[in-house]
Amino acid sequence: MKDLLKYAPVEWRKRDEFCIPRSPFSSVANKDSILLGGSRLSFLAPVHRPKHSNLKQTQIPKKYDVLEARSAGLRVDLSMPNEHWGAMCLLSRAWAFYGPWMTGCKGELFFSVAIVERFKEHSFNTASFFNPLAFEAVLVNYLNDRYGSENWGGNLSHVPRHHGPVHWKSISHFPVPCASFKIFNRGEDPNNLALPDNLIVFPISDRHFVEVCFVHEYYSRDEHGTIAIDTAPMQELQDRVVKNIELKLSPDVQSRVDKVKSEVGSLQMCKNFAPLKWPTNIYPPEAGNSPEARQALRNDA
């Protein structure tokens, strides 16, 4: 109640001095789940509380199994230079963080969960996404297509609009191959890296994977353009949501995962994954910077 009063979601006076913002509703968390091919993906996250009430959340019904209902494929084309990928947003929310004593919204944390598919007509081969080497190769292609093809124009056509993946981390406690990393937006100055997409990816079937994304937006800056808030509360909420992500595999999927594990020995993804060379429309894309990913992509060719 104290936070709700001190950090009320209103702006009655403009103030850009440094402050520690709060999300007054972040303690109200719901457990939500998504069915995917019989497997259940669960989250414990606060209710949807964006800055603007007209920003609606996405929420797939708990009993609706996306993979079973869309057996023909996710024919929702992504904005990419080719038509090889489809995706669907399964869950999206936003949480506004407010300054003290009615000084308004200082930032927002956006959260989304999507399922991504490589269309059958453009599939690599029969390798399962549960194979960590194959999944690394899939990610190389996906990231190259989604982020690597965008560059600045004119004399700066060699400068990519994105940089990544960076801060790569293989997540060991998941029942399938899983990794987290960041993709930064990049300005015309190669040293100007803006706020990143914070991504977590893992396969959910032999040819589908889940992408969890967090994006931070900061609205309060001082006269020099420096962010004028403590960003730690937003990061703490993100970490709390990530910590409570759970994946319970269906018996059929678990059997498939066990079979792949018996063949490859480990489901862990590579420990290091250097940034890809972008833009791909200037330089030929590489098969990742890990030997395993490069070999897996060569096998797919």
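The values are calculated or read from the model by the stated rules, or taken from the named source; none is laboratory data. The model shown is predicted, which means the values in this text are computed figures rather than measured ones. Cβ: placed from backbone, ideal geometry, glycine included. Neighbour counts: every protein chain shown. Note: areas computed on protein heavy atoms with side chains; ligands, DNA, RNA excluded. Shrake-Rupley method; radii C 1.70, N 1.55, O 1.52, S 1.80 Å.
Answer yes if at least one residue in the stretch 175-197 is at pLDDT below 95, basic (K, R) and part of a strand (DSSP E or B), and no otherwise.
Yes.
Looking only at helices (runs of 4 or more DSSP H) that lie completely in the stretch 225-301, which have at least 1 residues being at pLDDT below 85, acidic (D, E) and closer than 16 Å to V138 by Cα?
Ranges flagged: 291-300.
Of the residues that sit in the stretch 241-260 and are basic (K, R) and free of Cβ contacts under 8 Å to residues at least 60 places away in the same chain, which one is surrounded by the fewest Cβ atoms within 10 Å (Cβ to Cβ)?
For the stretch 241-260, the residue satisfying everything is K243.
Given the conditions (1) among the acidic types (D, E); (2) open to solvent by 10 Å² or more (accessible area, probe 1.4 Å); (3) in a helix (DSSP H, G or I), report the number of the one that D206 does not fulfil.
Answer for D206: the failing condition is (3).
Based on this model, can you work out whether S42 counts as closer than 29 Å to V176 by Cβ, modelled with pLDDT of 85 or more and in contact with an Asp or Glu (Cβ under 7 Å, 6 or more places away or on another chain)? First the steps, then the outcome.
Details: closer than 29 Å to V176 by Cβ: yes; modelled with pLDDT of 85 or more: yes; in contact with an Asp or Glu (Cβ under 7 Å, 6 or more places away or on another chain): yes.
Yes.
Being modelled with pLDDT of 85 or more and among the polar types (S, T, N, Q): is that true of S27 here? Show your work before the answer.
On the way: modelled with pLDDT of 85 or more: no; among the polar types (S, T, N, Q): yes.
No, not satisfied.
Kindly indicate the residue of the stretch 209-223 that is farther than 19 Å from L247 by Cα and in a strand (DSSP E or B) and also most open to solvent (accessible area, probe 1.4 Å) among those meeting that condition.
If we take residues in the stretch 209-223 being farther than 19 Å from L247 by Cα and in a strand (DSSP E or B), then R221 is most open to solvent (accessible area, probe 1.4 Å).
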